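Each remark here refers to the structure printed beneath this line.
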Amino acid sequence: MKSAVSSSLFFHSKNLLKPNPLPRLESVFLPKPSLRSIAKLPSSSTTSGLRSISSSSMASSFKPEQARVPSALPLPAPPLTKFNIGLCQLSVTADKSRNISHAKKAIEEAASKGAKLVLLPEIWNSPYSNDSFPVYAEEIDAGGESSPSTAMLSEVSKRLEITIIGGSIPERVGDRLYNTCCVFGSDGELKAKHRKIHLFDIDIPGKITFMESKTLTAGESPTIVDTDVGRIGIGICYDIRFQELAMIYAARGAHLLCYPGAFNMTTGPLHWELLQRARATDNQLYVATCSPARDSGAGYTAWGHSTLIGPFGEVLATTEHEEAIIIAEIDYSILEQRRTSLPLNKQRRGDLYQLVDVQRLNSK
C-alpha cells in the first residue's frame, strides 16, 4: 500500500513573544510640491518601469519563500489534466447493508457517466449519532468481513478503474473510535486513510449541541495522497473550518481538496459554501465536498448542497438537499492560469509570518 504524506502544523509569527512597544506618533509636515517639481514627475512609461523595478525589489525583500517552512513545493504535473468528478449525495438509513449496496450503485452510476474520481459523504454507512458510531464501526485494517464498507469500495474501484474518496465511516481500533476517510486507487488498493483531526464539538444555545468527542478520538495527521487524478488533500467536515490544514495541503502541492461533510441546518446555510469558497480562493485550488441527503426525520439533519468549487472561488457545480449525483469537470490547467494572474505565492510576507509544517520540517 502506498502511504500518504502526513504533516502536522502551527503558525509562527516573528517576534511574537517579544513585542516591541508602539512608537510615539508625532505630527509631520511635508512641503507642498511646486509646479516645477510637478513638471519633473516621470512620464507614464517611466513610471511603469519604476513600478516594475519597485515590485521586483519589494517581492525580494518580502522573502515569500520563507512564508512556508519548509518552502512550498511546486505544483506537480498531474497524471490527468482534465477529468470528471462524481459527487454522490446519498440518503442514509439505519440499515447498514442497504447503505452499502446503495452507495455501490451510486458509484457505479457516477462511473457510467464518466467520473474518474468519486466522492462519498461523511458517515454514509451509519446514522450520524454518538449512539450509532460504536454499533456501525468497522475494523478497517482487518478488512474483509470486519470492514464490509471498505471491502465494497476496494472491489468497485478496481473493477471500474476509478479513484474513490470513500466519504467517512466510523472506524474501530482497539477501544478507540475514529471518523475515517479511506482513499482507494484505481487498482483497488487502499492508498490513504484520514482520521478526522478536528472533532465536531459545538454548542449553539437553542439551535444545536453535538459533541463528537463523547465517542470519537481525534486523528493525529493531515493526509495528502498522490492518485491517478492528481495530488489530493483530505479533510472531514469540521476540518474545513481550519484554514491552516488547507494551507499545508497547498504548500505540499495539492491540486484538489476533498471534504466529505455533514453540516447541519444551523451552520450549513451560513458557512458551508462560504468555507468551501474561502479554502479554494485562499489556496488557488479546487475544493470538492459531499454531504448526505437531508432527512428531516433523522436525529441529525444534514444541510446537503454537495459542491465543486474552482480555484477562483467560483461555484462550478452544486445541488440542493435531495439525493443526487453531480458530475462536473475539473481542469488542472486553470490552476497555473489563476496563480499567474494572481501571484499570491510570490507576494507572501515571509519577513512577517510563517506557516510551519512540523512533520515535514522534522523529517529532513
Give the calculated FRET efficiency between residue 81 and residue 146 to the nearest 0.05, with a Förster radius of 51 Å applied to their Cβ-Cβ distance. 0.85
Ranked by accessible surface with a 1.4 Å probe, highest first, in what order do 303, 124 come? 303, 124
Sorted on mean Cβ neighbours within 10 Å (highest first), peptides 248-261, 173-186, 307-320 come out as 248-261, 173-186, 307-320
Label point distance in nm, residue 342-residue 104, each placed 7 Å from Cα along Cα→Cβ: 4.4
Treating the beta-carbon of each Lys and Arg as +1 and of each Asp and Glu as -1, no other charges, what is the dipole magnitude of the stretch 223-326 about its Cα centre, to the nearest 20 debye? 260
How far apart, in nanometres, would the label points at residue 329 and residue 161 be if each is projected 7 angstrom from Cα along the Cα-to-Cβ direction? 2.2
Measuring from its Cα centre, the stretch 82-357 shows a charge dipole (+1 at each Lys and Arg Cβ, -1 at each Asp and Glu Cβ) which, in debye to the nearest 20, is 560
Taking Cα atoms only, Rg over Rh for the stretch 82-357 with Rh from the Kirkwood formula is 0.95
Accessible area of the stretch 82-357 with a 1.4 Å probe: how many percent of it is carbon plus sulfur? 48
Apply the Karplus curve 6.51 cos²θ - 1.76 cosθ + 1.60, θ = phi - 60°, to the phi angles in the stretch 223-230 and return the couplings in whole Hz, x for Gly and Pro. 9, 10, 9, 8, 10, 5, 10, x
Straight-line reach from residue 116: which aspartates and glutamates have a Cα under 16 Å away, not including same-chain ones fewer than 8 places off? 108, 155, 161, 187, 189, 226, 228, 329, 331
Distance in nm between residue 241 and residue 113 label points, each 7 Å along Cα→Cβ, equals 3.1
Taking +1 at the Cβ of each Lys and Arg and -1 at the Cβ of each Asp and Glu, which of 91, 181, 257 sits farthest along the dipole of the stretch 82-357 towards its positive end, judged by Cα position relative to the Cα centre? 257
Could you do me a favour and compute the accessible area per residue for the stretch 82-357, 1.4 Å probe, result in Å²? 38
With θ set to phi - 60°, apply the Karplus curve 6.51 cos²θ - 1.76 cosθ + 1.60 along the stretch 319-332 and write out the HN-Hα couplings as whole Hz, x wherever there is a Gly or Pro. 9, 8, 9, 7, 4, 6, 10, 9, 10, 9, 9, 10, 10, 5
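The values are calculated or read from the model by the stated rules, or taken from the named source; none is laboratory data. Since the model is a prediction, treat every value here as computed from it, not as a measurement. Neighbour counts are summed over all protein chains in view; Cβ atoms, including those assigned to glycine, are modelled from backbone coordinates with ideal geometry. Accessible surface areas use protein heavy atoms only, side chains included; no ligands, DNA or RNA. Shrake-Rupley method; radii C 1.70, N 1.55, O 1.52, S 1.80 Å.
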